[in-house]
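The values are calculated or read from the model by the stated rules, or taken from the named source; none is laboratory data. As the structure is a computational prediction, the values presented were derived from the model and not from experiment. Neighbour counts run over all protein chains shown; Cβ positions are idealised from the backbone, glycine included. Side chains are part of the model used for accessible areas, which takes the heavy atoms of the whole protein and leaves out ligands, DNA and RNA. Shrake-Rupley method; radii C 1.70, N 1.55, O 1.52, S 1.80 Å.
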2 protein chains.
Amino acid sequence: MAGYQVAPLSRLVEQFERLPGIGRKTAQRLAYHVLQLPKKEAENFAQAILDAHEKIHYCSVCCNLTDQELCSVCRNEAREKGVICVVEDPRDVAAFERTHEYSGAYHVLHGVISPLGGIGPDQLKIKELLDRVNRGGVKEVIMATNPTVEGEATAMYLSRLLKPLGIKVTRLAYGIPVGGDLEYADEVTLSRALAGRQEF
Amino acid sequence: MAGYQVAPLSRLVEQFERLPGIGRKTAQRLAYHVLQLPKKEAENFAQAILDAHEKIHYCSVCCNLTDQELCSVCRNEAREKGVICVVEDPRDVAAFERTHEYSGAYHVLHGVISPLGGIGPDQLKIKELLDRVNRGGVKEVIMATNPTVEGEATAMYLSRLLKPLGIKVTRLAYGIPVGGDLEYADEVTLSRALAGRQEF
């Protein structure tokens, strides 16, 4: 194949192949697709990649992604700035925003503490969170890291840092997902749901 | 979500979402991945898209993709130029080249005749094939379109054009795929394999 392949095409295939979850065959299909796009659309695609890199950076308050000084949540006067929901990833912010139920602010850690992965507290946006709390006005910090070992450990670590500052620290509820099936719930989830039962 | 999203990021997500087989979730994952690439790598990605578009065009003989005047097969003096394998797509050429068994030339139609899809003979590289045969020196044309209704019809159409020119026109053999299981072979394949049986 190497002898047959056209250099610019194989370079494009390689680029697609580096993306997560894209194998050789899919990369080839995508590259051929891009090749068949009208020239203008291919230029738009390339420009979108460059733009995303040049224009997007972290919000100076909550470390979420934004193309302005502050992200849209931090800019919004109507949001309750005294409540901060701490998440791992900008995608988690998107997930909360889709609920249309949360009116507080966020703080994006950009990862979780993972000694095996070589990620310590210093690589995360923890200092920024503490600075923010120290500036005052924060009543509650909601831990919304993922329910994994690392996510739990990070939440625990943060709560120990925050509690001495006199802040209310809460955790998202564990339980059966809505629409789920008790029969298929794993033991840990089920016992957490039982422990967290509430009165009607 | 719309209110939350960052414009350059959602533009990039949209671009990925247009690719075949890429849904909303995957497009988001890919866009976030590209965002986290080092700046240099993102630039390489964008450049690869532009390069593929600018530098790749059709080989002036066989209509395969190339970044030069002739593709690597047509440039190769050792290939038997009197035998032409007619395929639908440049990817089919790559498939044949991987066998390392074929030493002839190719002709890429860039599609098949499909009245329902609005593709007639004029949209394909059929005129180029006839010109090539009329220039002389061609002994055999092997039809290697896909074994679909449209592929068959296209092969039939071409063979009717080519036979009057005194050219030997052949078709790839149908049969059981190597490593396949008779039990799971469909009826049409099995009866074709039976009809095409050969002596030991």
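Mean separation of Cα pairs under 8 Å and 6 or more residues apart, divided by the residue count, gives chain B a relative contact order of 13 percent. The tail of the calculated P(r) for segment B:7-55, taken as Cα-Cα distances beyond 19 Å, holds 28 percent of the pairs.
With viscosity 1.306 mPa s and temperature 10 °C, the Kirkwood radius over alpha carbon pairs of segment A:60-122 converts through Stokes-Einstein to a diffusion coefficient of 126 µm²/s.
With distances taken between every two different alpha-carbon atoms, chain A has a Kirkwood hydrodynamic radius of 20.3 Å.
The B-A contact accounts for approximately 5000 Å² of buried accessible area, totalled over both chains at a 1.4 Å probe radius.
Shape annotation for segment B:98-165: C-alpha extents along the principal axes are 35, 29, 17 Å, from largest to smallest.
Taking trypsin sites (Lys or Arg not before Pro) across segment A:58-163, the ones in a DSSP loop with at most 10 further Cβ atoms lying within 10 angstrom of their Cβ are A:R135.
For B:S191, the solvent-accessible surface computed with a 1.4 Å probe is close to 70 Å², ligands and nucleic acids excluded.
For A:F200, inter-copy separations between label points set 7 Å beyond Cα along the Cβ vector come to 7.8 nm, shortest first.
Inter-copy label distances at A:E41, using a point 7 Å along Cα-to-Cβ, come to 2.7 nm with the shortest given first. Sorted from closest to farthest, the other copies place their A:I176 label points 5.2 nm away, with each point set 7 Å from Cα along Cα→Cβ. Put simply, the amide H of B:I142, placed in the peptide plane, has neighbours under 5 Å in B:I84, B:C85, B:V86, B:T170, leaving out anything fewer than 5 places away on its chain. With the biggest extent put first, the Cα atoms of the protein assembly as shown measure 93, 48, 40 Å across the principal axes. Scanning chain B for the Cβ atom closest to the axis that brings B onto A yields residue and whole-Å distance B:A46, 2.
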